[in-house]
Amino acid sequence: MSRTSRTTLRRSRTALIAAGALVAAAAGSAAAVAPFGASAAAAAGCTVDYKIQNQWNGGLTASVSVKNLGDAISGWQLQWSFAGGEKVSQGWNATVSQSGAAVTAKDAGYNATLATGSSATFGFNATGNGNSTVPATFKLNGVTCDGGTTGPTDPPDPTDPPAGEQADNPYQGAKVYVNPEWSANAAAEPGGSRISNQPTGVWLDRIAAIEGANGGMGLRDHLDEALTQKGSGELVVQLVIYNLPGRDCAALASNGELGPTEIGRYKSEYIDPIAAILADAKYAGLRIVTTVEIDSLPNLVTNAGGRPTATPACDVMKANGNYVKGVGYALNKLGDAPNVYNYIDAGHHGWIGWDDNFGASADIFHEAATAEGATVNDVHGFITNTANYSALKEENFSIDDAVNGTSVRQSKWVDWNRYTDELSFAQAFRNELVSVGFNSDIGMLIDTSRNGWGGANRPSGPGASTNVDTYVNGGRYDRRIHLGNWCNQSGAGLGERPQAAPEAGIDAYVWMKPPGESDGSSKAIPNDEGKGFDRMCDPTYTGNARNNNNMSGALGNAPVSGKWFSAQFQELMKNAYPAL
């Protein structure tokens with residue numbers, strides 16, 4: 001890995017190393033900055049108490065307390081520089097990162113609010129030569145601590161990272177790129193102007209898409225347009241990296257152009273050209289979020305190796321290792337650009353939420369994230385529900401409910417899954433990923449582009465308590481026939497609009513799948529994109545083991561995947577929740 005690793009810090013520590021010589025505290029005042037979206041006109045000030053609690057030849061342990069003397073703030077970061085070559089190795093009660101000598105300690109979320117007169121305390125370990133001293137200057141939210149209290153100010157935005165550092169959450173304090181091609185399609189639909197200004201993902205689903213297929217915009221075209229949209233603020237560009245060898249081994253509608261063994265072409269003709277463009281200094285001011293290879297690694301867990309749902313194609317990909325190698329290579333090469341934020345696709349709760357799949361998926365994600373030169377520092381987070389329909393929240397029943405002594409887990413719909421919705425799954429899976437070795441500051445994205453399930457059929461309360469199935473089926477927002485149905489689902493609606501930091505551990509709700517773009521054709525349609533006909537996109541199909549032999553629930557008359565599907569777009573608007 002060629003870029004500087006982000007320092008990973010735990011939020012708590014069971015015990016400090018025994019206290020040694022105390023070093024006199026540095027104290028001062030700093031202008032406190034209002035959080036993103038709030039007024040910056042506020043009185044501000046602070047003091048800092050920095051104590052070296054133990055120091056030895058090779059390292060130190062320090063405790064830092066920052067006290068707010070000004071108006072209340074929500075969201076803080078404290079900055080200083082080391083003078084003796086110290087390097088932070090671990091921290092607690094704050095997220096501490098370092099670039100060169102510059103150190104930034106950011107609130108840990110639960111201690112983000114500082115009322116007037118209140119303090120936040122954190123600590124860290126660092127390597128050193130045994131001669132560390134108290135830093136000369138501290139800055140709270142960008143203004144020097146000097147012991148006084150200032151009047152109203154208009155200082156820098158605290159969500160901006162120090163030069164050369166990644167933002168903890170790239171979506172925080174930033175606009176998100178609106179794809180003009182998708183926007184034009186949406187605006188051309190009756191009523192589509194209500195959402196045509198929403199940001200969506202740009203799908204690089206074949207080699208030709210890099211330069212622009214069939215007269216469409218290529219990657220540089222999108223990035224150039226993003227610079228125009230950016231203006232003087234921050235802007236996120238969302239890219240879907242989606243062209244693995246033997247892609248989507250359990251489906252046909254989204255099969256790709258590369259055969260199972262063409263890992264060399266994937267690297268040299270697909271990932272390398274993308275990485276070269278993203279590394280262009282022209283685009284260094286953009287925050288580029290990549291969704292890395294959807295529907296790939298989970299297939300190795302659930303659809304290979306003797307599982308009832310296994311397919312020969314997935315067995316091949318598990319055996320040759322090219323999914324793991326491809327994802328690792330992509331993470332490594334794309335992560336070389338310091339303004340790229342890699343998020344690995346993590347399926348959804350109706351795929352990974354069962355006991356047999358949950359831990360095994362986290363393990364294989366870690367295997368891929370440490371393959372082909374990648375490390376966990378190349379992973380900024382994970383994304384769930386990409387191009388899927390799982391409800392964000394099921395509020396009319398919970399996994400802990402029981403009806404007449406029968407657990408909700410035993411209902412036909414939940415079917416022993418540990419989770420009932422996408423938010424609870426994403427938050428729990430984040431913890432599992434950290435437990436297997438991913439950095440503790442990873443964030444999650446949830447694709448809410450088609451999981452609203454509103455409209456006239458949205459339940460207003462729990463189902464009848466006749467039995468556990470009537471209770472769940474009568475109350476669930478997700479109206480699919482079965483959780484395994486994924487293609488152009490009838491009755492689906494737009495979900496929560498894209499937004500930053502909506503819940504704990506969630507970096508953003510996103511529309512990574514552009515609403516109105518088909519999942520696959522409802523009948524065989526010849527094409528030059530390598531996309532096959534999957535019966536799960538046929539409304540007359542009676543199913544397979546992956547959806548427990550239920551009807552597909554797909555809309556009819558659909559084009560091949562990625563093409564504009566007007567009927568689906570209208571369905572999504574009609575059933576949007578929140579409503580348009």
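The values are calculated or read from the model by the stated rules, or taken from the named source; none is laboratory data. None of the values given here were measured: they were computed from a predicted structure. Glycine also receives a Cβ, built like all others from the backbone with ideal geometry; neighbour counts cover every protein chain displayed. All accessible areas refer to the heavy atoms of the entire protein, side chains included, with ligands and DNA or RNA removed. Shrake-Rupley method; radii C 1.70, N 1.55, O 1.52, S 1.80 Å.
When ligands, DNA and RNA are left out and all protein chains stay put, how many square angstrom of accessible area per residue does segment 341-454 have with a 1.4 Å probe? Please list the in-between numbers first.
On the way: 3280 Å² over 114 residues.
Normalised by residue count, the accessible surface of segment 341-454 is 29 Å².
For the chain, the equivalent ellipsoid derived from the Cα gyration tensor has semi-axes of 43, 26, 24 Å, listed largest first. In straight-distance terms, cross-link reach from K531 covers every one of the lysines whose alpha-carbon lies under 25 Å from its own, apart from those fewer than eight places away in the same chain; here that gives K267, K318, K325, K513, K523, K563.
Between segment 244-304 and segment 57-123, the C-alpha centres lie 38 angstrom from each other. Our helix-only sum for the chain, with -39,500 (n - 2.57) per DSSP H run of n ≥ 4 divided by its residues, gives a mean residue ellipticity at 222 nm of -5500 deg cm²/dmol. Measuring only protein heavy atoms, the 1.4 Å probe finds S465 accessible over about 80 Å². Mean projection of the Cα convex hull over all viewing directions, computed for segment 524-580: 5.1 nm².
Nearest 5 percent is fine: what portion of the DSSP beta bridges confined to the chain is antiparallel?
Working: 49 of 77 bridges.
Of those bridges, close to 65 percent are antiparallel.
Sorting check: for 76-86, 448-458, which peptide has the highest mean count of neighbouring beta carbons within 10 Å, and how do the rest follow? Don't skip to the end; give the middle numbers.
On the way: 76-86: 18.9, 448-458: 21.5.
Highest mean packing first, the order is 448-458, 76-86.
Two tests apply to each whole DSSP H helix in the chain, Cα reach of 18 Å or more along its axis and mean Kyte-Doolittle hydropathy of at least -0.5, and the ones passing both are 355-369, 422-435.
Once R0 is set to 35 Å, what does the formula 1/(1 + (r/R0)^6) return for the Cβ-Cβ distance between S407 and T542, expressed as a FRET efficiency to the nearest 0.05? Could the numbers behind the result be given before it?
Values: r = 29 Å, r/R0 = 0.83.
The formula returns an efficiency of 0.75 here.
Across the chain, Cα pairs under 8 Å and at least six residues apart give a relative contact order of 11 percent. By the Cβ-Cβ criterion of under 4.7 Å, the unpaired cysteines of the chain are C46, C145. Using a Förster radius of 45 Å, what is the FRET efficiency between A464 and A567 based on their Cβ-Cβ separation? Nearest 0.05, please. Once the sixth-power term is evaluated, E becomes 0.85. Computed from label points 7 Å out along Cα-Cβ, the spacing between N527 and T137 is 5.7 nm.
Inter-label distance, D280 to W416: 5.2 nm, where each label sits 7 Å from its Cα along the C-beta direction. Rolling a 1.4 Å probe over the protein heavy atoms leaves K67 with an accessible area of roughly 80 Å². Descending by average beta-carbon neighbour count within 10 Å, the peptides 357-370, 533-546 line up as 357-370, 533-546, the highest first. Simple spin-label estimate for L580 and T375 gives 4.7 nm between the two label positions (7 Å along the Cα-to-Cβ direction from each Cα). Once the C-beta distance of S89 and E503 is scaled by a Förster radius of 45 Å, the resulting FRET efficiency is 0.90 to the nearest 0.05. Remark: the N320-T113 segment gains 69.5 nm on full extension, using 0.36 nm per residue and subtracting the alpha carbon distance.
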